[in-house]
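The values are calculated or read from the model by the stated rules, or taken from the named source; none is laboratory data. Just so you know, these numbers come straight off a predicted model, no measurement behind them. In this analysis, Cβ positions are derived from the backbone assuming ideal geometry, glycine residues included, and neighbour counts consider all displayed protein chains. Quick note on the areas: whole protein, heavy atoms, side chains included, nothing else; ligands and nucleic acids left out. Shrake-Rupley method; radii C 1.70, N 1.55, O 1.52, S 1.80 Å.
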Amino acid sequence: MTRFRKMHGLGNDFVILDAREGAVAIDAARARAIADRRTGVGCDQVILLEPSQVADVRMRIWNADGSEVEACGNATRCVALLGASTIETRGGILRAEANGGGATVDMGEPAFTWEEIPLAYAMDTESLPVGWEDLADPAAVNVGNPHIIFFVEDADAVDLARLGPLIEHDPLFPERVNVNIASIHHGAIRLRVWERGAGLTLACGTGACATAVAAIRRGLVKSPVEVQLPGGILDIAWEADGSIAMSGPATHVFDGELA
C-alpha cells in the first residue's frame, strides 16, 4: 500500500506521494489512473516527493493526462506546508515560506525570449502577431512552464473549454502551452486558465504569475496585483529583472492509501 495526501491550492487539487523514505512506482499510466475522478482518487496533478541533492525535496509533477511537467505554483505552496522551504523542480529550485494556512513562494525570474517559451519560430513575445478567432495579440511568458495570455474585456465570456485545447496543441507551441484568459477590473486581474494536460482548472499558480507579469509589462496593472481565479485569490508581486513572489492559501484535505 502507498500512502498519499490529498491537498489543494484554491481548488487546484493534488494527490501527493512521498518517496523520500521508500521508492514509489509512478509512470504516466499510473498517474492517469490516480487522477481519474471516477475510478481513482481524482486530482488535477499527481505530485511525487523525492530526495534532493540541492534542496529540501525534489518535486515531480504529472498532469491528469499523464504528462510530466516542469512546475506548479499551487502544488509548491502545498509542499511548503509539509515543511519544505527549498523545492527542486524541473523548472528550477523554488523557495517557499509557509505562513498559517498558506505560503509565499519565490517563483524565480520569468523568461521572455521565443526560444525560452518555447515557440516554433521567432516573434515578439510581448505581443504575438497571432490569433484564434476573437482572441488575438497575446503575450507569452515562461515561469518554469510555458504560458500564453490573452487580455479581453470579459474573461468569463470566452469559450475556453472549446478554444483552450485548440491553442494548447497548436504547432506554434512545440511543448504545448497553458492558456490564460484575463480581464482587468479596478486594478485587479480576473483570470481563467486552460491548463496544459489538465484542462479547465479552478486555479493555476504559474498562470497567475505569468499573467501578472504580462499585465505589468504592458502597463495594465501595478505590482503587487491581486489575481482573482474561480477558486480564490492569489497575490503576485514582480519588478522588472526580479523574481516573482506568489502568495496564497493551501489546504490539506485528507490522507489515504493506494493499492
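Quick notes on this one:
- Against the empirical curve 2.2 N^0.38 Å, the C-alpha radius of gyration of the chain lands at a ratio of 0.95.
- Relative to the longest principal axis of the Cα atoms of the chain, the long axis of helix 205-217 makes an angle of roughly 20 degrees.
- Most fluctuating residue given options 97, 153, 133, as computed from a GNM of the chain linking Cα atoms under 10 Å: 133
- Solvent-accessible surface (1.4 Å probe) assigned to residue 93 amounts to roughly 70 Å².
- Percent accessible area from carbon and sulfur atoms, the chain, protein chains only, probe 1.4 Å: 48 percent
- Charges were assigned to the Cβ only: +1 to each Lys and Arg, -1 to each Asp and Glu. The resulting dipole of the chain about its Cα centre is roughly 680 debye.
- Net charge, residue 250 excluded, C-beta distance under 15 Å - Lys, Arg +1, Asp, Glu -1: -1
- Residue-level accessible surface for residue 253, protein heavy atoms, 1.4 Å, Å²: 80 Å²
- Residues in the range 67-81 that a label on residue 50 would reach, taking backbone N under 13 Å of a point 7 Å out along Cα→Cβ: 68-69
- Computed from backbone phi, the HN-Hα couplings of the range 239-245 come to 10, 3, 6, x, 7, 8, 10 Hz, rounded to whole numbers (Karplus: 6.51 cos²θ - 1.76 cosθ + 1.60, θ = phi - 60°; Gly and Pro given as x).
- Averaged over its residues, the chain has an accessible area of 42 Å² per residue, based on protein heavy atoms and a 1.4 Å probe.
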